[in-house]
Every structure is written in C-alpha cells, then in structure tokens.
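Okay, so here's the structure we're looking at.
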Amino acid sequence: MDISTIVGLAVGAFCMVFGVIQTGTSLMSFVDPGSILIVIGGTVAGLLISNPLPKFIEGLKTIKYTFSNQESDPVHVIKKINELALAARKEGLLALEEIAQSMDDAFLQKGIMLIVDGTDAELLRSIMETEIAFVETRHKDNQSSGMPWQKQLQVGE
C-alpha cells in the first residue's frame, strides 16, 4: 500500500471527526443509517449512471489495488532473468517452460513461454510492448473512470 493512501485516509478521517467535534455535539449524533444510505447509494447510483455496467464492474475490481502495493523490485526481476538465462544455456530453452509455470509475474511468464515456443525475437518484442501498452491504457481508463471531465480535458488539449 502506498503511504499516500494511508495518509489520505487518516487526514480525511481526522477532518471529519474534528469537524463534528467543532459543532459541539457528540460524534454519534452524526451517524444516521438513512444518511449513510443516501450518501453511499447516491454515489453508487451516480457511478452506474455515468458508466456502462462492464466499466462499473471493472472499476469495482480495481479498488483492491488502492490498498496493495504490487511494484516489482527491478533488482529482483534482473536477478530472475539472469537465472533464466543461465538455465537456458545449461539445459536448453525447453527447461524454461517448467520454471515459467511456477512464476508469479504473469508478464515475465508470458514472455518466457513465447521464447520456449520459438517466437522470433522481433515478434516477441512487439508482443510484449503491445502487452505493456494495453496494460497502460487499461490503467489509465480505470483511473479516470467516473470522471468524464478528465476525458473532456484530455481531448481538448
């Protein structure tokens, strides 16, 4: 999880609690099931109205990434690639297939399987670059989901 997520949640919670305390009433007087239903239900309804259903469902699936940190350690990836190259030299390319099956990194696994299948180097590079482009596009789309003004600003620039 990114530290800014934790800080953002903490600052937001602090501001809400401090704002309630400043009114001079108890914190529990601001907890009302009807109001909570209106806010959460209205938010969900607004998102459903502004997005097609498949896009809305895709957005729900991406919420988990807010609270997880899946950044790859470049040093670890480089060491893994070196291990794979050594195994390929010693045992041949077909030995990589078994190693690839146990890998967690789907992107690297796909690349290794293409190598094992005998894909031409230029085609392999093109496929992997296309894969990166699709992931970047999907992430950009999910980040701007529910915010049509961002799309309008990007088109107008």
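Residues that are out of contact with any Ser or Thr (no Cβ under 6 Å at 6 or more places or on another chain), among the polar types (S, T, N, Q), modelled with pLDDT under 90 and not in a loop (DSSP other than H, G, I, E, B) within segment 110-152 comprise T137, Q143, Q152, listed in sequence order. Of the listed requirements (1) in the same structural domain as M113 (by TED's automatic domain parsing); (2) farther than 22 Å from F107 by Cα, F14 misses just one: (1). Looking across T5, T66, one residue alone is touching a Phe, Trp or Tyr at 6+ places or on another chain (Cβ under 8 Å) and under 30 Å from M128 (Cβ atoms). It is T5.
The values are calculated or read from the model by the stated rules, or taken from the named source; none is laboratory data. As the structure is a computational prediction, the values presented were derived from the model and not from experiment. Using ideal geometry, Cβ is built from the backbone for each residue, glycine included, and neighbour counts are taken over all protein chains shown.
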